[in-house]
1. Provide the FRET efficiency to the nearest 0.05 for the A236-D165 pair, computing r from the beta carbons and using R0 = 22 Å.
2. Tell me which residues come under 5 Å, amide H to amide H, from L138 once H is placed; ignore anything under 5 positions away on its chain.
3. Please arrange S118, S228 by how many other C-beta atoms lie within 10 Å of their C-beta, fewest to most.
4. Tell me, what is the FRET efficiency for L24 and E111 to the nearest 0.05, using R0 = 35 angstrom and their Cβ-Cβ distance as r?
5. Given axes a ≥ b ≥ c from the Cα gyration tensor, I'd like to know whether the stretch 42-118 is rounded (a/c under 1.5), prolate (a/b larger than b/c) or oblate.
6. Please give the calculated 222 nm ellipticity per residue for the chain, where each DSSP H segment of at least 4 residues contributes -39500 (n - 2.57) and the sum is spread over every residue; nearest 500 deg cm²/dmol?
7. Taking other Cβ within 10 Å of each residue's Cβ, how do C71, C244 sort, fewest first?
8. Given contacts defined as C-alpha pairs under 8 Å and at least six residues apart, what's the relative contact order of the stretch 28-114, whole-number percent?
Amino acid sequence: MRDDTPHEANRVHLSRTFDEDAELYDRARPGYPTELFDDLADLAGAIPGCRVLEVGAGTGKATLPLAERGCRITAVELGAGMAAVARRNLAGFEAVEIVTADFESWPLSKEPFDVVVSATAFHWIDPAVRMARAADALRPGGALAVVATQHVAGGTEEFFAEVQDCYERFDPATPPGLRPPAAQDVDTSDHVEEVARSGRFGPVVLRRYEWDLTYTTAEYLEVLRTYSGHRALPPAAREGLLGCIAGLIDRRYGGRVTKRYLTELRVSRTAHVLR
């Protein structure tokens, strides 16, 4: 297991690794719990006919469920390959536009949006401007909805303890003894404090969803190949790491492991008008 949270020094570099194999990302990465989209409707107003700006749409993992619920969406995605896959996935929805651009410099629409959504992408946006840009894009009382997903304790816990040896062997940057945190120990204070510091939004409303996903050895390796930290390893180290992990799953776990995810929905509404 590896901590793939970006630090500012390599945020820009790592954020571009996803576009290197957009088809793999689309195939391997999971989507989001249905309950999240129910809460997006209730808490953020992501209901039929609303105007949604999606930041960091990727291949459309969150865009498609929102489109199926009748939202009108402008989805901004930096990677040309990811955007192309998203256009293919959303081809049946006339009310969806996929824009290839970086959110930091993309010209905001003159017509404000009802909701700004960013699913597993907001941490890749420049922290110096992301709150202000999101607020500027919204109508008065509009909602910023940030979705974050991470690996937490649960699932095949013995595997995630044992696999640490593979990471420590092939990736010297891995902290010794790293383990997934318990879901209740996941700290959201950084986001809450960032929202408060911006002065542009009211309090954050939080919803959490724990869910398990079982992978075959091949499926799990595909997911790992989409993670920025894994992709950034030197090729020999990366392939050595993946080989070590595959051998462990096949030898000790019958070719299948279960990973527990924690998905968080963080919703805050614009506090006042500064447009």
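Since every read-out is calculated from the coordinates, none of them should be taken as a lab result. Note that the structure is a prediction, hence the values are computed from the model and not measured. FYI the Cβ positions are ideal-geometry reconstructions off the backbone, even for glycines, and counts take in every protein chain you see.
1. 0.75
2. Long-range HN contacts for L138: F113.
3. S228, S118
4. Numbers: r = 36 Å, r/R0 = 1.02.
Efficiency, rounded to the nearest 0.05: 0.45.
5. Working: a/c = 1.80, a/b = 1.17, b/c = 1.54.
Cα axes put the stretch 42-118 in the oblate bin.
6. -10000 deg cm²/dmol
7. Listed from fewest to most nearby Cβ atoms, that is C244, C71.
8. In percent, rounded to a whole number, it is 29.
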